[in-house]
Every structure is written in structure tokens, then in C-alpha cells.
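Worksheet: one structure, shown below.
The values are calculated or read from the model by the stated rules, or taken from the named source; none is laboratory data. Note that this is a predicted model, so its numbers are computed, not measured. Backbone-built Cβ (ideal geometry, glycine too); neighbour counts: all protein chains shown. Note: areas computed on protein heavy atoms with side chains; ligands, DNA, RNA excluded. Shrake-Rupley method; radii C 1.70, N 1.55, O 1.52, S 1.80 Å.
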Protein chains: 2
Amino acid sequence: MLNFTVGPVMSSQAVLDIGAEQVPYFRTSEFSEIMLENERLVKKFANATDDSRVVFMTCSGSGGMETAIMNTLTKHDKALVINGGSFGERFVELLTLHEIPFTEICLEYGQALKPEHLSPYEGKGYTAFLLQKHETSTGVHYDIALVSEFCKRNGCFMIVDTISSFLCDPFDMVKVDAGVMITGSQKALACPPGIAIMVLAPSALERICNTKCCCQYFDLKLALKNQERGQTPWTPAVGVLRQINARLMEIDAAGGAAVEIERTALLATYFRNKLKEHQLPFEIISESLSNAVTPLHPTTQSAYEIFLKIKDEYGMWICPNGGDLKDSVFRVGHIGALTINDFDKLIAAFDDLKYKGFI
Amino acid sequence: MLNFTVGPVMSSQAVLDIGAEQVPYFRTSEFSEIMLENERLVKKFANATDDSRVVFMTCSGSGGMETAIMNTLTKHDKALVINGGSFGERFVELLTLHEIPFTEICLEYGQALKPEHLSPYEGKGYTAFLLQKHETSTGVHYDIALVSEFCKRNGCFMIVDTISSFLCDPFDMVKVDAGVMITGSQKALACPPGIAIMVLAPSALERICNTKCCCQYFDLKLALKNQERGQTPWTPAVGVLRQINARLMEIDAAGGAAVEIERTALLATYFRNKLKEHQLPFEIISESLSNAVTPLHPTTQSAYEIFLKIKDEYGMWICPNGGDLKDSVFRVGHIGALTINDFDKLIAAFDDLKYKGFI
């Protein structure tokens, strides 16, 4: 089945080949080397400073989001959080659960972040800022330069969920001065799900030192201590970590993050142009697109019915939405081992549905 | 490399074949069916009651241990915990962190659990009991019938870590009246690491309802709610869950848990007999062995040096110990896709080391 969702996505042959291998024992110098190389390459692709650190947590991206909050924020913080979709809402739930004082900046589904959304909060004593770089649920790519400038002016510690935008859209940890960056194995890294990756700037490391984490499994002090020698406190998803290594090396060999971002951008542009050219009855719902995904509102049929039809009759997955958007929005991802030819097949399936009067 | 560790272990060809496949999109009825079948088969193999539930958490077994404590125990409990090795120690750390009042029953490394260890605590108002069925670090298989009788007499809620003993040694959830049973994907299930499995009896479900979990990612209310339809709240390790399905079906087709346990027992007995027959300079350090592993103290060489030698010169992994036992104990696992022939190769390697005067 061709997979146009936003994760898990399709993997390269090198990654699949490792999946076919026995998983090795991991308390060895051989595995430590892989982990240290993973750290080095993730730092390189995120443009993190030399004194930044990377940890690999066996959990989903949401686990990574919660880990960031539990280890770097306290009741003495005053956080701002952008809530423009399901993942912004998750940050809000997590801040509530962990009793971190916060203010929510609510955006409508699809709405871009603008200077006027931030201006009311200037000089009001905020200490932290949480956002999705790309709100995956609605495909809105927020203006991180805007947030970065706000944070620099106001002395805010920035936690950025780049789960679905790392390696899809440019991200420069130094330039935006982020404290924590989070991503997952199953997005543009195009490996099986199971690992959340966190890049931690020195500002985050300092906060971690001074924060008591309420959960041992997610305690970054333990993760950091073990990662010094390329290990983890608990048995990690060893297989996925080896696949991540193969994929990072593949990206590096092809020219690095910029080349991978360009490849994704080309696929996204190709697909979006074809949508217009074929006059498909879909409206793009985001004011600010990421290269990772195109969020679409079908005007003539339920989005979820289209997802089912494409799955069951054409052998492809597009990405359904949940909750309120279930019938009104589906998404087409541009991440993973996809080619122009694959998008031609998807467009042909849409054309066929249009020809049959289904859409 | 032949792998005689206690996890990750060697997988069957059916499991490896799935590792070679693309990971499918999972918010589908097809994946839900796999998850519900996984639940049904785990319940069957653990002999859980029909109204018990199973959840699959994307984390290590230690994550499952912490999840059990966070979701079923409170400050109003008074827990007993057996601490006879690294994993008992982990329970102690977790109870401390989560502020659950507890008393520790400390056993020496290798010591079996006897009635006199429990008798001082009869009728003292204990409400919960935590133990490893098999303390993996030292290979001691505790007498769970003893603990079960104590718990029934004293009204204790039992949390059993069966991480390394599920499908290796007999376990009957109904008979021992356990509240929570925890295992992992990378032990006798012989799949890649990444998933902890928890079987929850009705007594656990009731406790979960009445307990506020301090971590959203590990909140069993959310996991249970989603598993009703064969789903998870967060993106799980989809690939491993599909591999678990293949493996559970493989075990079921071969005759179920009892047959798998018998197969493991045969390998353990074969290896232990060969050790004696070949007069190898190793002493078994456990008073009460599991079929899962044989813990050995080498009398003529550092255990860790033997581990390195076997890895680097014979292409096999035996299982090193950490901490205080690093130089005095190594372990040989009998779980995963191993055969009599594989153990012959390991014995031949030990013979060779003996011939060369290394041991």
C-alpha cells in the first residue's frame, strides 16, 4: 500500500533491511557508537550548538512533549502556548496536568500566527513559550522567527515541537534560540514509530538540573547521564535506533538536512500544482503550509469516506483527521520514501473518484 | 551473532519478515483487529479472567512497572516489596519517588523467597505487594504461590513483574489472583524491544478508576479507553505490535503457553546438564532457577571478560551483569529462537576457553 499519511510513513530499503535483521544485544560498545553517531547527526541537522545534547526516548512524540514539560518547567514558570489544533491542545492538557501556570493563544483551525497574536503578551513576565513549529493536525506552519524574536525580547525559554517538520522545513536551533526541540522516528526520519528524539540546548540542560521530574522513566537526568556513553537507562527500541542511524547516514550522504528539505518541498509543490491542474474539489485549509503535508477540505464528499475509499479500493492511505474535523478534512503527507510517480498515482485515484461522481 | 542474552533475544523468521515490511498506517479497523487479537491471546496465555483487560504501552518493561505503580497505588496504600536484585531495587526507587508507603523485604543476591521472609508482615495492614516473579538480574525465580497465599490472607493487591518469566515459567493470573502482570516484547515474546504489556484484573481496573495518574503518557484510563476499539492514545510502536501478533499466533498454533514453557525448560535443562558434564568452572548462583536464564559465577576469570571474549572471538552474546556483579556474574538466557544446537556451540566456545586456559 502506498502511504501518504503523516506517520508511520514509508521507509527506504536500507531502513527496511535493518528491520529484517535480528536485533542485537545493546549493552555493548558497538551499540554505544551508533547512539553517539545518532546524537552527532541529529545535532548537525538541527544546527544545535556543540554543547547541546540529544536524547532518544522510547515513546511517542507525545511522550517527548510531556518529557520536555516535566523536566524543564515548574510551578514558578509562566508559560505561553499556541493552541491551534490537536497538538497545541495536547500542550495545554499537559501544562494543566503538571500545574504549570500558562496562558493559551488560541488560533482558529488553519489560521497563521501573526504579530498581533503575540503583542498583548509583551513585557508581561512570561518565562516560557511552547509551540508546534508545524501543527500537524491542520497543517499550519507557524512563523517561528516571530516567536523567536518574542522569546528573545521577553527572556522566554522555548520548547518547540518539530515532530512533523524536522527535515521538512528549515529549522535552525541556534538561530531561533530554542531550548528544547522534539521530533519522532516515524515522521521525516521515516523509520518505524517508537522513538522520540529531543535536542536540548544548554539552557534546557540547566533547567533539567534544577527540576525534579515526577516520572523516573522520563527523567532526563538519567537519560543524559546514560547517553554520555551512548546508552539508555532502560531497554530502548534498539531496532528503531539502528534504523534511525541508517536513515541519518543516508540523509548525510545525500547532502544533509537542506537537501532532504528541498526534496520534500519539491514533492509538496508538485502535488499542490497537480490539485489545481486537475481541478479537484479540495480546498487547502491552511494559511501557512509546511512542506510536510497538504491539509484538504473536500467540498463534495465526507473526508473520512474519501479516506476509506482510497484505502479499500485504491490501496493507498491518505491521512484522516479525528474529532470535529473527521468529515471535513483529510491530509496528504509528503514525507517518507515517496516519489513524484507515487503522487501521480494518488492524483489518478482522485481523478477516478471524480469521474465516478464520488467526489 | 548468536544471542544468549535476556533481551533483546533472537526472533523467529515470521517476526523478522514483518520487520522487513513497511509499517502500515494504524488508525484503521485492520490494525484495531490485530490489537484486539493481541489482547485476546495475551489474556489466554496468562489465564486472565474474561473481564480482565490488556494494554500495550510503547515503553520498556521498566516503563510498565512505573505505569502500574502510578495508576494503581496511592499514598493511602501500605506496600510490601521484595528486593533481591536490580529490578526489586527499581520497584523500591519507584515507590519512593511516587511516595507510596512501603516496607522492603531484602534478600541476598541469589536467595530464594521462604515463608519466614513473609511471616513478620502477617496481619500488619499491608494493602499491596510488589514482586518480580523472576528477578532477572540474578536469575532467582520467587515462589509466587507463597506470595499469593500471603496476599489472599492479608487482602493485598498484587503487582507482578513477569517481564522475563512470562511464557518461560508457568503463570496463572486467576490462580495467584494478581492485580497487574507486566511483561515486555523483547523477552520470551522474542520481538524487538519497544512495547510493555500489562494485564489488568478487575481489581486493578477499579484501582485505576480511582487513581489520578501524574503522567498523561502513562495514564491507563486513556490506554484502556482506546484499547476498547483496539487503538492507543498516542502513536504506538506499530511494527513491534504487528510482530507481537505474529509471535502470539505462532505460539498459539504450536499449542499455547504450556508448550512454549516446556520448550524453554528443555533448553535450560539441556544447558545446565552440559555445564556439569563438561566440568566448566561456573557456579550457578541462584537457589531457585527460572527456565528463562542460568546465572553463573565463573570461578577462574572475570565474568565481564568472558562476555567480551565470547562476543569478540566467538560471535555470540552472553548476558553481562552490571554494578556490583559485573565481574562476578554473567547469565545465559534460554529465551528466543534458540535451539539445542545453539547451546552446543556455546558449550564448545566455553570448552575452547577452558582448553586455552582463559577460564
- Point-to-point label distance, A:Asn273-A:Leu222, nm (Cα→Cβ direction, 7 Å offset): 5.2
- Message: At 1.4 Å probe size, what's the solvent-accessible area of A:Thr269? Round to the nearest 10 Å².
- Response: 70
- Item | Candidate residues A:Tyr217, A:Tyr304: accessible-area rank, largest first, probe 1.4 Å | A:Tyr304, A:Tyr217
- Item | Listed residue pairs exceeding 21 Å between alpha carbons, taken from A:Lys78/A:Lys175; A:Lys175/A:Lys221; B:Lys152/B:Lys175 | A:Lys78/A:Lys175; A:Lys175/A:Lys221
- If amide H atoms are modeled at 1.01 Å from N in the peptide plane, then the residues at a separation of 5 or more from B:Phe129, or on another chain, having amide H under 5 Å from its own are B:Leu80, B:Phe157, B:Met158, B:Ile159
- How big, on average over all directions, is the shadow cast by the Cα convex hull of the protein assembly as shown, in nm²? 30.4
- Query: Under 16 Å Cα-Cα from B:Lys354, which aspartates and glutamates qualify once same-chain neighbours fewer than 8 residues away are excluded?
  - Reply: B:Glu277, B:Glu283, B:Glu305, B:Glu313, B:Asp344
- Query: What are the residues whose amide H is under 5 Å from the amide H of B:Ile284, where those residues sit 5 or more places off or on another chain and H is modelled from the backbone?
  - Reply: B:His297
- How big is the charge dipole of segment B:61-141 about its Cα centre, in debye rounded to the nearest 20, if each Lys and Arg gets +1 on its Cβ and each Asp and Glu gets -1 on its Cβ? 180
- Links that overshoot a 26 Å alpha carbon limit, given the list B:Lys311/B:Lys356; A:Lys274/A:Lys309; A:Lys212/B:Lys225; A:Lys133/B:Lys212; A:Lys225/B:Lys212: A:Lys212/B:Lys225; A:Lys133/B:Lys212; A:Lys225/B:Lys212
- Query: What does the charge add up to near A:His117, with Lys and Arg as +1, Asp and Glu as -1, over the other residues with Cβ less than 12 Å from its Cβ?
  - Reply: -4
- Query: On the accessible surface of segment A:288-359, probed at 1.4 Å, how many percent belong to carbon and sulfur atoms?
  - Reply: 49
- Mind grabbing the interface size between B and A? I mean buried accessible area, both sides, 1.4 Å probe, in Å² to the nearest hundred. 4000
- segment B:95-141 versus segment A:239-277: alpha-carbon centroid distance in Å: 52
- Message: If exposed means no more than 16 neighbouring beta carbons inside 10 Å and the site is in a DSSP loop, what's the longest run of chain A without any exposed GluC sites (Glu not before Pro)?
- Response: A:123-227
- Item | Cα Rg, Dmax, chain B, angstrom units | 20.3, 62
- Task: Could you tell me what fraction of 2.2 N^0.38 Å the Cα radius of gyration of segment B:1-154 comes to, as a two-decimal ratio?
- Result: 1.26
- Taking alpha-carbon centroids only, segment B:36-67 lies from segment A:20-46 a number of Å equal to 30
- Task: Please list, or write none, the aspartates and glutamates whose alpha carbon is within less than 13 Å of the alpha carbon of B:Lys276, excluding same-chain residues fewer than 8 places away.
- Result: B:Asp351
- Length added when fully stretched, B:Ile284-B:Ala258, from 0.36 nm per residue minus Cα-Cα: 6.8 nm
- Query: Label points 7 Å out from Cα along the Cβ direction at B:Asp312 and A:Met1: separation in nm?
  - Reply: 4.8
- Compactness ratio of segment A:137-250: Cα Rg over 2.2 N^0.38 Å, N = residue count? 1.15
- Task: Run the dipole for chain B about the Cα centre, Lys and Arg Cβ at +1, Asp and Glu Cβ at -1, nothing else charged, and hand back the magnitude in debye, nearest 20.
- Result: 400
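With +1 on each Lys and Arg Cβ and -1 on each Asp and Glu Cβ, and nothing else charged, work out how big the dipole of the protein assembly as shown is about its Cα centre, in Debye to the nearest 20.
Details: 66 positive and 86 negative charges, 87 e Å.
Around 420 debye, computed over the protein assembly as shown.
What number comes out for the charge environment of A:Gly315, summing +1 per Lys or Arg and -1 per Asp or Glu over other residues with Cβ under 14 Å away?
So the environment of A:Gly315 carries a net charge of -2.
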